[in-house]
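Laboratory data are not the source of any read-out in this text; all were calculated from the coordinates shown. If you're wondering where the values come from, they're calculated on a predicted model, not measured in any experiment. With ideal geometry, Cβ positions are generated from the backbone for all residues, glycine too; neighbour counts draw on all protein chains shown.
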Amino acid sequence: MLKTLQILSLVLVFSGITLAQGDLDLTQFGSVKDLETEFEDFNNGVHAGMGVLDWTDASGPSVFRFSAGVFFGAASVKKNETIGINNDFYMPAGAGIQLGFGTAGFELYFRYLPELELSGANLKSLGFGAKYELTDIIPIPAFPATALFVDYNTMTFGITETNTVVVEGVSGDVKTGINLDFSTINIGTMMSYDFLVARVYGKIAVELGSTDMSWNQAVLVAGQVVADGTSGTLDATGFRYAVGLAAFGLKVEVGGRGSNLFAGLGYGISI
């Protein structure tokens, strides 16, 4: 499992580096208000992918259950040349290891990706959640397992790159210095049904998110292009839905958040 986590982490890191070196550039924006409309799709896309594979089973253990697994998520981001995104693509927006424990119908999870730094990009994530099964209070025979859940996930993505920028006809090299701290609270419900060797599930949630941002704007001072630090917070509240399949430890999930689609892949065991 550790080797799988390392592979997933490397995929996330190298994908982030590709983005950092070739695309995202906020140096022409001087405030969050100026950036809000242009950055909305990218922001929502990352939030869409962060919560992938958080819950894959609506049943709550009556005695004890322990689980462990790895996960990787990505979400769609639309082309926007104003912020340097020249093509539609899927942005890696979550990877790590997830541990769970449950008893008496309740279940908790903790997920984590340690900080990774490589070629000017840094990534890390942290999350935890709680779930409670409601099936016993639903008076319908053979009703699918049903639960309420809440979780909190964070992801930090940073870039330190030098770009050539033109301000008022003057060209200069400026460090992008972009730091994005994404955080999301999901409140939702899910259902799952177990067949002989597989489980299917679906879930919906209200997502209360925000993104703390800091970056360097390129400004002209005494005839030279220099970096001027700025920061702010963007709202990322939305509604998300997902369906998934789990079999033989493998887990696959697809869903959406607004106009942003996301997908996840993971592997885990429970005892």
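Using Cα positions and a limit of under 16 Å, work out the lysines in reach of K203, with same-chain residues fewer than 8 apart set aside. Once the sequence-local lysines are set aside, what remains near K203 is K131, K251.
Scoring 110-117, 264-271, 92-99 by mean Cβ neighbours within 10 Å over their residues and listing the highest first yields 92-99, 264-271, 110-117. Calculated mean residue ellipticity, 222 nm, the chain: -5000 deg cm²/dmol, from DSSP H runs (n ≥ 4) at -39500 (n - 2.57) each, averaged per residue and rounded to 500.
Sequence-distant contacts, meaning Cα pairs under 8 Å at least 6 residues apart, place the relative contact order of the chain at 21 percent. Across the options T27, G202, N179, the greatest Cα extent toward the positive end of the charge dipole of the chain (unit charges at beta carbon of Lys, Arg, Asp, Glu) belongs to G202. Neighbour counting of Cβ atoms within 10 Å sorts the residues K33, K203, fewest neighbours leading, into K33, K203. Among the chymotrypsin sites (Phe, Trp or Tyr not before Pro) within segment 125-219, which fall in a DSSP loop and have no more than 10 other Cβ atoms within 10 Å of their own Cβ? Within segment 125-219, the qualifying chymotrypsin sites (Phe, Trp or Tyr not before Pro) (loop, at most 10 other Cβ atoms within 10 Å) are F195. Taking Cα centre as origin and charging only the Cβ of basic (Lys, Arg, +1) and acidic (Asp, Glu, -1) residues, the dipole magnitude of segment 66-184 rounds to 160 debye.
Which entry is the computed Cα extents along the principal axes in Å for this structure: (i) 50, 45, 32; (ii) 75, 36, 27; (iii) 52, 40, 35? Answer by label: (ii).
Shown for L245, L26: other C-beta atoms within 10 Å of each C-beta, ranked fewest to most, produce the order L245, L26.
Give me the angle, in degrees from 0 to 90, between the Cα long axis of helix 2-22 and the longest principal axis of the Cα atoms of the chain, rounded to the nearest 10. Long axis of 2-22 versus the principal axis of the chain: about 30 degrees.
The fewest-to-most ranking of T233, T156 by surrounding Cβ atoms within 10 Å reads T233, T156. For the chain, the longest principal axis of the C-alpha atoms and the axis of helix 32-50 are separated by about 30°.
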